[in-house]
Amino acid sequence: MLKEKRIVASIIANSQEELEERFNKIKNYVDIIQLDIMDGKFVSEKSLFFNYILPKTDKTIEAHLMVEDPVEWIEEVGDRVDTIIFHFESTKFPEKIINLIRRKGKKVGLALGPKTRIFEIKKYLAGIDQVLVFTADKMGQYGAKFDRGSLEKIDVLAKTTDLLIEVDGGINKNTINEVSKKGANNFVCGSVLQKSEFIDERIDELKKLF
């Protein structure tokens, strides 16, 4: 079954003011907004690791957890979002995280860092809704360099599962066509949107390359 291909706008922020500014900038142009949650430990940067308040919205909100303790975040803050994406590398017990997210009534995403291979997550695929393939060489930064090694992961997932495949990192007009051809469905864009003065034109440009 063919899945709709969509742009997902990601937000990195370190204050309530910055969150609202970046949220308001993209909210009218996408259906899905991703919050990049970073604790400064799992990755070197910090983002939204404070008691933030989300602006009211009818958009789908997903949280991409780049944190050492996803359980604590899910238990304390998980109710604020629709989809929770946790990193395979952040836990020794993925089933525990999957079950916790399910109990919260949220959709489950499993994220793969640059060094994680598909065979490592195979046993967990039946229990989740989507896979996030990190497609840049560095996690947790706007404007990271695209990692071509991620293309094989997307290809394998597309050929062996019916899960929604999301790609995040280095996605722009030069890379989006390649990941789309390999089978990606959702394309997370951060700096390419936040740094644009004309977001509608930028999104139209990207959609033409799906």
Separation between Cα centres of region 58-82 and region 168-210, rounded to whole Å: 24 Å
Whole-Hz ³J(HN,Hα) for each residue in region 63-73, computed from phi via Karplus 6.51 cos²θ - 1.76 cosθ + 1.60 with θ = phi - 60°, x for glycine and proline: what do you get? 10, 9, 8, 10, 9, 6, 10, x, 4, 4, 5
If R0 is 30 Å, what FRET efficiency do you get for residue 3 and residue 152 from their C-beta distance, rounded to 0.05? 0.90
Out of residues 5 or more away from residue 106 or on other chains, whose amide H comes under 5 Å of its own, with H placed 1.01 Å from N in the peptide plane? none
If you work out P(r) over Cα pairs in 10 Å bins from 0, in percent from the coordinates, which of (i) 10, 33, 33, 18, 6, 0; (ii) 9, 38, 40, 14, 0; (iii) 8, 29, 28, 14, 10, 8, 3, 0 do you get? (ii)
In sequence order, calculated HN-Hα J values of region 37-48 (Karplus, 6.51, -1.76, 1.60; Hz; x Gly/Pro): 9, 10, 9, x, 10, 4, 10, 6, 8, 10, 7, 6
Give me a comma-separated list of calculated 3J(HN,Hα) values for region 203-210, in order, Karplus coefficients 6.51, -1.76, 1.60 applied at θ = phi - 60°, integers in Hz, x for any Gly or Pro. 5, 4, 4, 5, 5, 5, 9, 4
List the residues whose amide H sits under 5 Å from the amide H of residue 189, counting only those 5 or more places along or on another chain, with H placed 1.01 Å from N in the peptide plane. 8, 9, 10
Out of the DSSP beta bridges found with both residues in the chain, what percent are antiparallel (nearest 5)? 10 percent
Taking 0.36 nm per residue of separation between residue 44 and residue 200 and subtracting their Cα-Cα distance, the length gained on full extension comes to 53.0 nm
Of 156, 81, 108, which is the most mobile in a GNM of the chain whose springs link Cα atoms less than 10 angstrom apart? 156
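Quick check: residue separation of residue 99 and residue 120 times 0.36 nm, minus the Cα distance between them. What number comes out in nm?
Full-extension gain reported as 5.7 nm.
Where does the chain land at 222 nm, in deg cm²/dmol rounded to the nearest 500, when only DSSP H runs of n ≥ 4 count, each adding -39500 (n - 2.57), divided by all residues?
-8000 deg cm²/dmol
None of the figures in this text is laboratory data; all of them are computed from the coordinates on show. All figures in this text were calculated on a predicted structure; none of them were measured in a lab. Note that we place each Cβ from the backbone using ideal geometry, even for glycine, and neighbour counts take in every protein chain shown.
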